[in-house]
1. Please indicate, with yes or no, whether at least one residue in the range 150-158 is open to solvent by 20 Å² or more (accessible area, probe 1.4 Å), within 13 Å of the chain's Cα centre (by Cα) and of a type in the set (D, E, K, R).
2. Go through (1) open to solvent by 30 Å² or more (accessible area, probe 1.4 Å); (2) free of Cβ contacts under 8 Å to residues at least 60 places away in the same chain; (3) not in a loop (DSSP other than H, G, I, E, B) one by one and return the number of the condition residue 187 breaks.
3. Just checking: which of the strands (runs of 3 or more DSSP E) contained wholly in the range 47-103 hold 2 or more residues that are open to solvent by 10 Å² or more (accessible area, probe 1.4 Å) and touching a residue at least 40 places away in the same chain (Cβ under 8 Å)?
4. Are any of the residues in the range 164-173 crowded, with 18+ Cβ neighbours inside 10 Å and polar (S, T, N, Q)?
5. Filter the range 332-343 down to residues that are out of contact with any Leu (no Cβ under 8 Å at 6 or more places or on another chain) and surrounded by fewer than 19 Cβ atoms within 10 Å (Cβ to Cβ) and give me whichever is nearest to residue 251 (Cα to Cα).
6. For the range 277-298, what are the residues that are on the phi < 0 side of the Ramachandran plot and either among the basic types (Lys, Arg) or not in a strand (DSSP E or B) (or both)?
7. Tell me which of these residue 176 doesn't satisfy, since it passes every other one: (1) surrounded by 16 or more Cβ atoms within 10 Å (Cβ to Cβ); (2) at pLDDT 95 or above.
8. Go through the residues of the range 239-250 one by one and say whether even a single one is open to solvent by 40 Å² or more (accessible area, probe 1.4 Å), in contact with a Leu (Cβ under 9 Å, 6 or more places away or on another chain), of a type in the set (Val, Ile, Thr) and outside any strand (DSSP E or B).
Amino acid sequence: MQFVCAMEELVNAVSNVQRAVAAKSNIPALEGILLKATQSSLFLAGFDMELGITTTVPATVSEPGEIVLSSRLFGDIVRKMPGNMVTVLCDDKGNTTIRSDVTSFTITGISAVDYPELPSVDDGVGFTLSQLTLKSMIRQTLFAVGQPTDPRPIYSGTKFELSPGQLRMVSVDGYRLAMRQEAINTEEAAEFVVPGKTLQEVLKLLEDDESPVSFAVGRRHVVMSIRGYAVISRLLDGEFMSYQRTIPQEITTTVYANTRMLMNAVDRVSLVINDRMKSPLVCDFSGNEVNISCTTPLGSASDSLSVKIEGNEEKMGFNSRFMLDALKNSETDEIRIELNGALSPMKILPAEGDDFLFLVLPVRLKK
């Protein structure tokens, strides 16, 4: 194998695909990046059997071929190489030389025969939406995904509910819920759960523009095509909770607040809380004000701000981190808080409409 390509394009490609490379595996090839030179391009892939990222960069190929190179070593080499162009040569024994200007490295590769076949989706459900929209939807739901160690693995991912004209994404972790929906141009219908780990990597690839992201959804895998990259992920199996039943339908109190002012007040009061000294954040909604307070062995703090309250006055306790996460991901200047008593979950929505909905479970306050 022998090819020449632009250094900058190779560095970007390697940096992105190596995020899907296994840190440690019983299959040594999975700790490397697959390079496949064909005709006028170079294909690169990282894969850990759960998540794969692939891309193709332009290259001048003198001799087609394929090899697997150590992700860490190859990545470090190309990032530190001088020059604008890089030449890569590989012999029949896997010895691979990487040259640029006067700098040269020779490292040992692994036969591409040992690299597992990447999953594909040939006859699944397909739909598209813009990078900007998907980026917002992931950001507003990812924070509520359960931990990978959750005894119910299905909650370590986000549920996608596709229906004609709409995409809804939902995350739950047992203490909170985040839901985001958007109108999209589709006649398809499907439900599937994508691991949070995959969505974290997708988020890093997305840019703030309207260029499309294409989804191909099969029975076991989803493939997302993003500006020249393909993200391949297995889907999570299991029964996702009937989350609609957890959303309070009755509303006794509605609060309209400035998002940043409320977030800053919660953040300030939370300074007296740490991992060892936890205590609920007390929110007293009354007289068109919300008074926020907390007392721990570290000390006490209080703050207040003006809001608009419709309905009953209410006093509730919350986990400060969960409340802050919801406020930080609201992505709107004004929010609407809906309450149904001190023991019912708090609903956080945009001031108008229901593009997103966050639920935060209350903490029972001591009498």
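The values are calculated or read from the model by the stated rules, or taken from the named source; none is laboratory data. Being a predicted model, the structure only gives us computed values, none of them experimental. Cβ: placed from backbone, ideal geometry, glycine included. Neighbour counts: every protein chain shown. Keep in mind that these areas ignore ligands, DNA and RNA; they rest on the heavy atoms of the full protein, side chains included. Shrake-Rupley method; radii C 1.70, N 1.55, O 1.52, S 1.80 Å.
1. no
2. (3)
3. Values: elements: 51-58, 60-63, 65-70, 85-90, 95-100.
Filter on the range 47-103 gives 51-58, 60-63, 65-70, 85-90.
4. Filtering the range 164-173 for residues crowded, with 18+ Cβ neighbours inside 10 Å gives 167, 169-173.
Filter once more, so that each one left must be polar (S, T, N, Q): 171.
Yes, that holds for at least one residue.
5. Of everything passing the filter in the range 332-343, 340 is nearest to residue 251 (Cα to Cα).
6. Residues of the range 277-298 on the phi < 0 side of the Ramachandran plot: 277-286, 289-298.
If the condition is that a residue be on the phi < 0 side of the Ramachandran plot and either among the basic types (Lys, Arg) or not in a strand (DSSP E or B) (or both), then 277, 278, 279, 280, 297, 298 are the ones that fit.
7. The one condition residue 176 does not meet is (2).
8. Yes, the range 239-250 contains a residue that is open to solvent by 40 Å² or more (accessible area, probe 1.4 Å), in contact with a Leu (Cβ under 9 Å, 6 or more places away or on another chain), of a type in the set (Val, Ile, Thr) and outside any strand (DSSP E or B).
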